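The structure appears below as structure tokens.
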Amino acid sequence: MISEFKPKLRRFLLSDLFTSAHGMIQFFTMLFWLIMLSYTDAYYVIYLLVGILGFLCRSRMNTDRKRIFRRSERSNLIMSAIFSFLVLSANYHIFNTMLNGIVEQVNDDPIKVQNILYHFNRLSGLFAVALSPFLLLGGMYCTYFILAFITHKLDSLPYRHYTSQYSHRTVFLFVFGLISVLHLSILLLVFYPGVITYDSINQITQCMENSYSNAHPVFHTLLIRPFLAIGVRCFNDITLGCALYNTFSVFLTSAAFSYAVVTLHRMHVDKRILVGAALFYLLYPNHILYSFTMWKDIPFSASMLVFTVAVFRNIKQLYTSRKWNIALIVISSLGICLFRGNGMIVLLIVILALLAIYRKQYKRLTVSLACVLGAAVIVFFPVVSMMDIEQTDSVELISIPIQQIGKTIYDGKQLTDSQRELISQLADIEEIRAKYNPNISDPLKNLIRNTGNKEYLNQHKAQYALMYLQIGLSHPVSYFKAYVDQTRGYWNAGYNYKVFRYNIYQNSYGIERTPHSRITASFFYRYLDFCQFFELTKPFNGIGVYTWLLVLIAYYAYRRKDKLTVLLTVPCLSVIFTLVIGTPVFADICYAYSLFCCVPFLIAMPFYNIHSEKDQAK
């Protein structure tokens, strides 16, 4: 029976009638996807760009509409389905938004309003069930045609081999001088002594009081200390000390960016890619602002970029000195481990990926990274403990579980008496409901720190883990929504949440902003507003866009069996992985800043490898 049905099904799927009907389904579901997502609270322009690209790629692939049923296209279909599902999950709010619009239209009729609100959750569920399949299909088709075009047409795109008349040293010094001069000028004329937030003040306080905590990596705090000491002891000016550290930070980021650009120059990539990367490092607002922001994320991200580039140089042997290249890999990998709490996890994943992809090749590189990781573990735990430095508390490590339980309580779901008793040991249930914020875990974490019994949590970890699982099994929808709300900023489009930050947090040290050029300040603030609110510049601010690009680069490299490019995407993908399992904030660029640093370099990888293969073929 089945053997007879398969040929008939195949003939129908390949018939002109189905091909025409399928084309209409593609068009209308893609259009429906774009219309429905206009209710999103993310950057709609990013979905619009994806939709337009989908339609354009569809028109280019129209000569073979049956391609979608080929066995070779299964990976494209799977990736498209995953992308569409994630976008739909991140935008589950659109069904509520639509119903809110209905409520507003009948607000003159109290009876209708009461009836709609009474059935609101049920209506929202029905909307989701009815419309989700069409949204899922629309997103799948948009993504599929883009992937199909890239995987089948990118190799044939014109690529210009660029050989510059300038030496690599000249290019490095020119780019370094250009970036550092511009960024230092903005620091001195507009933002002196730099961007100093609440976290920065906390680290300054640790330095001034000589009392350290690992809540912010202590090694970054110790890096700040000598600059503050110079300002205070030599000039009796702590503001100058902050400015000195931020000047050092500008030189550090400028050197990292220049190292990436000169490597692109050494690779002879297309001149447009080379210039585009240099301009992005020079002019992108967060590269300017973060270069003089007193955060751990900046040296961490600079280390990530240098590490990625140095590993590439090592494997491709694009270096002047092998020893200097290995030294850069060791120093940058040490920076990855010491400047962020998730750095050791990132390096561990990189080592495992290196072993999985290259197996017994590059033993020296693998051993070097393993030694760095081992040294970091020893320093971070036994040594730091011996120095009586307070470690990060257990509450900080469970941001997402706290949010999921908080969402369950906020939704008014039923809890057992034993569950309520365990939760009450940490915080009052009514206060949890009042303080729950779907996008940031700090209100609930601080509630536990200020009013709860953290020792009870540490002593009964197994009970709390079991309670977490039990509540999740009873109320999976609340857990799902809480997880999406807490992480979607890192894997979906982009959100207008703290895109640019440049204030000095109120403090008792007398550190204040002193702009030295009102005209420059006025111009730069307008530039920030333009980059944040102009629709065509918003994609540059979306964390999810860089995640999508990173996944696309890795996927394309996987399709072409390009091991090196796959490996080079692993560090940044590992950062995203650590964020989606434990981020405290749903869309903070500083946590994912390493992507903004590395993706401009990684974008060149597919083009470089295609060009290398063509050269070898000749």
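The values are calculated or read from the model by the stated rules, or taken from the named source; none is laboratory data. On a predicted model such as this, the values are computed, not experimentally measured, just so you know. FYI the Cβ positions are ideal-geometry reconstructions off the backbone, even for glycines, and counts take in every protein chain you see. These accessible areas exclude ligands, DNA and RNA; they are computed on the full protein's heavy atoms, side chains included. Shrake-Rupley method; radii C 1.70, N 1.55, O 1.52, S 1.80 Å.
Longer than 29 Å from Cα to Cα, which of LYS363/LYS461; LYS461/LYS481; LYS454/LYS481; LYS360/LYS561 are they? Say none if no pair is.
LYS363/LYS461
With a 10 Å radius around each residue's Cβ, average the other Cβ atoms per peptide and rank 23-29, 577-583, highest first.
The peptides rank, most packed first, as 577-583, 23-29.
Would you mind checking the radius of gyration and Dmax of the range 439-521 based on alpha-carbon positions, in Å?
Here Rg and the maximum Cα pair distance are 20.5, 60 Å.
Count neighbours as other Cβ atoms within 10 Å of each site's Cβ, and list the trypsin sites (Lys or Arg not before Pro) in the range 449-526 that are DSSP loop with at most 14 such neighbours.
Loop-located and lightly packed - LYS498.
Tell me whether the chain comes out rounded, prolate or oblate; compute the Cα gyration tensor, take square roots of the eigenvalues as a ≥ b ≥ c, and use a/c under 1.5 as the rounded threshold.
Oblate, since a/c reaches 1.5 and b/c is not below a/b.
Within 12 Å, Cβ to Cβ, of ALA587, how many net charges do the neighbouring residues add up to if Lys/Arg are +1 and Asp/Glu are -1?
Computed value for this residue: -1.
Using the structure shown, list the pairs from LYS296/LYS498; LYS538/LYS563; LYS296/LYS445; LYS271/LYS316 with a Cα-Cα distance above 29 Å, or answer none.
LYS538/LYS563
Quick one: net charge of HIS265's neighbours, Cβ under 12 Å, K/R +1, D/E -1?
Cβ neighbours under 12 Å give a net charge of +2.
Once the principal axes of the Cα atoms of the range 179-248 are found, what is the range along each, listed largest first in whole angstroms?
Taking max minus min along each principal axis of the Cα atoms, the range 179-248 gives 35, 26, 17 Å.
Do the sum for the chain: with -39,500 (n - 2.57) for every DSSP H run of n ≥ 4, divided by all residues, what is the mean residue ellipticity at 222 nm, to the nearest 500 deg cm²/dmol?
-23000 deg cm²/dmol
Only Cα pairs under 8 Å and at least 6 apart count here; give the relative contact order of the range 197-352 as a rounded whole percent.
After rounding, I find 22 percent.
Let me check against my output: what whole-number percent is the relative contact order of the range 144-282, with C-alpha pairs under 8 Å and at least 6 apart?
It comes to 37 percent, rounded to a whole number.
Only four residue types carry charge here, +1 at the Cβ of Lys and Arg and -1 at the Cβ of Asp and Glu. Report the dipole size of the chain about the Cα centre in Debye, rounded to the nearest 20.
Using Cβ point charges on Lys, Arg, Asp and Glu, the chain gives about 2980 debye.
Note down the relative contact order for the chain as a percent, whole number, built from C-alpha pairs under 8 angstrom at least six residues apart.
18 percent
Charges on Cβ only, +1 for Lys and Arg, -1 for Asp and Glu, centred on the Cα centroid of the range 258-323; of ALA260, LEU318, SER303, which one is farthest towards the dipole's positive end?
LEU318
Considering every pair of different Cα atoms, what Kirkwood radius, in Å, is found for the range 374-467?
When all Cα pairs of the range 374-467 are included, the Kirkwood radius is 14.6 Å.
Assuming a ≥ b ≥ c are the square roots of the Cα gyration tensor eigenvalues, decide whether the range 256-343 counts as rounded (a/c under 1.5), prolate (otherwise, with a/b larger than b/c) or oblate.
Oblate is the answer for the range 256-343, as a/c is 1.5 or above yet b/c matches or exceeds a/b.
Out of the total accessible area of the chain (probe 1.4 Å, heavy atoms of protein only), what percent is carbon and sulfur?
63 percent
Enter the accessible area per residue of the chain (Å², integer; probe 1.4 Å; all protein chains in place).
48 Å²
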